[in-house]
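*Asks:* Quick one: this structure, given as structure tokens, is what I'll be asking you about.
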Amino acid sequence: MSDPFLELHRQKNDRKKRVGEWVGDLILPRLNEYGLPAINLEIGCGHGHWLVSFSLAETSQLFVGIDLISKRIKKATSKVTKQNLKNIFFYKAEANEFIEYSDAKISKTFIMYPDPWPKHKHHKRRLIQLPFLELLASKTLDDGEFYFMTDHSGYFEWATSKVSESACWKIIEKEWPHEAKSYFSELLPKNQFFCARRL
């Protein structure tokens with residue numbers, strides 16, 4: 001079954017314009033309203049449980065969650081509507097495209113339980129790659145942070161290795177910034193995480 005989103009935004013320029021307009025019309029004005037230099041971004045936000053909880057605890061910050069699954073974004077957005085939240089937004093977009101095409105700077109990025117693509121031949125599909133880390137750094141504030149969590153030991157080792165290879169990030173000792181239950185935390189209670197600071 002084809003995805004109506006992909007059918008509508010098949011061309012790269014269409015997706016670039018879509019992201020740019022959404023950020024320009026909605027996110028940048030809200031950053032100005034809050035007097036903030038940057039957003040906090042969750043990549044692969046799922047149904048938004050964790051990010052909504054975080055936004056309720058940090059009402060002076062602005063949060064954006066992105067995911068590629070339309071149903072997830074719809075459910076996450078319904079939480080925002082029901083609770084009348086003003087400091088959090090959800091949007092359907094691919095991570096690299098959102099970061100590249102958005103004019104909003106990023107303070108903190110969170111990636112929790114991404115697809116580990118466990119087969120060796122599929123490792124190239126993993127999100128954490130050196131070009132991704134370089135792109136993310138280019139849109140992150142000085143001393144901004146990147147948090148990564150997974151239950152897959154192989155992907156954890158891969159991600160820490162890529163960050164260590166990168167000239168843009170340094171892994172630091174820091175606790176996970178917000179504890180809240182989510183679908184994956186309930187399903188996958190064993191996990192590993194790290195925090196990296198932009199150099």
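*Asks:* Being part of a helix (DSSP H, G or I) and farther than 15 Å from C45 by Cβ is the filter; apply it to region 96-115 and report the residue that is nearest to the chain's Cα centre (by Cα).
*Replies:* Result: N96.
*Asks:* When the residues of region 63-84 are filtered to those that are in contact with a helix residue (DSSP H, G or I) (Cβ under 6 Å, 6 or more places away or on another chain) and of a type outside the set (V, I, T), which remaining residue is surrounded by the most Cβ atoms within 10 Å (Cβ to Cβ)?
*Replies:* The extreme case among them is G65.
*Asks:* If you don't mind, another one. In region 90-117, what residues are open to solvent by 30 Å² or more (accessible area, probe 1.4 Å) and either under 18 Å from L62 (Cβ atoms) or among the polar types (S, T, N, Q) (or both)?
*Replies:* Hits for region 90-117 are N96, D103, K105, K108.
*Asks:* Tell me which of these H120 doesn't satisfy, since it passes every other one: (1) crowded, with 17+ Cβ neighbours inside 10 Å; (2) free of Cβ contacts under 8 Å to residues at least 12 places away in the same chain.
*Replies:* (1)
*Asks:* Taking the stated definitions as given, is A159 part of a helix (DSSP H, G or I) and in contact with a strand residue (DSSP E or B) (Cβ under 9 Å, 6 or more places away or on another chain)?
*Replies:* yes
*Asks:* Can you pull out the residues in region 125-150 that are charged (D, E, K, R) and over 18 Å from N40 (Cα atoms)?
*Replies:* Going residue by residue through region 125-150, those that are charged (D, E, K, R) are 125-126, 134, 139, 142-143, 145.
Answer for region 125-150, where residues must be charged (D, E, K, R) and over 18 Å from N40 (Cα atoms): R125, R126.
*Asks:* A follow-up question, please. Kindly check whether there is at least one residue in region 140-160 that is crowded, with 18+ Cβ neighbours inside 10 Å, out of contact with any Cys (no Cβ under 8 Å at 6 or more places or on another chain) and of a type in the set (D, E, K, R).
*Replies:* no
*Asks:* Please go through (1) open to solvent by 50 Å² or more (accessible area, probe 1.4 Å); (2) in a helix (DSSP H, G or I); (3) among the polar types (S, T, N, Q); (4) modelled with pLDDT of 95 or more for N13 and return the number of the only condition it doesn't satisfy.
*Replies:* So N13 meets the others, but not (4).
*Asks:* So which pairs qualify, if the first residue must be in region 160-172 and without any contact (Cβ under 8 Å) to a residue 24 or more places away in the chain, the second must be open to solvent by 60 Å² or more (accessible area, probe 1.4 Å) and charged (D, E, K, R), the Cβ gap must be under 9 Å, and the two must be at least 6 apart or on different chains?
*Replies:* Pairs that qualify, where the first residue is without any contact (Cβ under 8 Å) to a residue 24 or more places away in the chain and the partner is open to solvent by 60 Å² or more (accessible area, probe 1.4 Å) and charged (D, E, K, R), are S164/K170.
*Asks:* So how many residues does region 113-161 have that are hydrophobic (A, V, I, L, M, F, W, C) and modelled with pLDDT under 95?
*Replies:* 0
*Asks:* Sticking with this one: Taking the condition of being assigned to a helix (DSSP H, G or I), touching a Ser or Thr at 6+ places or on another chain (Cβ under 8 Å) and under 17 Å from M149 (Cβ atoms), how many residues in region 116-137 meet it?
*Replies:* Total satisfying the criteria: 2.
One line per residue, one yes/no per condition, for (1) open to solvent by less than 70 Å² (accessible area, probe 1.4 Å); (2) farther than 21 Å from G144 by Cβ; (3) polar (S, T, N, Q); (4) more than 18 Å from the chain's Cα centre (by Cα):
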position	(1), (2), (3), (4)
P29	yes, yes, no, yes
G46	yes, yes, no, no
L56	no, yes, no, no
S60	yes, no, yes, yes
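*Asks:* For region 138-156, enumerate the residues that are in a helix (DSSP H, G or I) and small (G, A, S).
*Replies:* Correct list: S138, S153, G154.
*Asks:* Do we find that F90 is aromatic (F, W, Y), farther than 20 Å from P37 by Cβ and part of a helix (DSSP H, G or I) in this structure? Before the answer, list the steps.
*Replies:* Working: aromatic (F, W, Y): yes; farther than 20 Å from P37 by Cβ: yes; part of a helix (DSSP H, G or I): no.
Here the answer is no, as F90 does not meet what is asked.
*Asks:* Within region 181-199, track down each residue that is at pLDDT below 85 and either of a type in the set (V, I, T) or assigned to a loop (DSSP other than H, G, I, E, B) (or both). Spell out how you get there, then give the answer.
*Replies:* Residues of region 181-199 that are at pLDDT below 85, as a first pass: 181-190.
Residues satisfying the conditions are K181, S182, L188, P189, K190.
The values are calculated or read from the model by the stated rules, or taken from the named source; none is laboratory data. Note that the structure is predicted; figures quoted are calculated from it, not measured. As a convention, Cβ positions derive from the backbone with ideal geometry for all residues, glycine included, and neighbour counts pool all protein chains shown. In case anyone asks, the SASA skips ligands and DNA or RNA and just uses the protein heavy atoms, side chains included. Shrake-Rupley method; radii C 1.70, N 1.55, O 1.52, S 1.80 Å.
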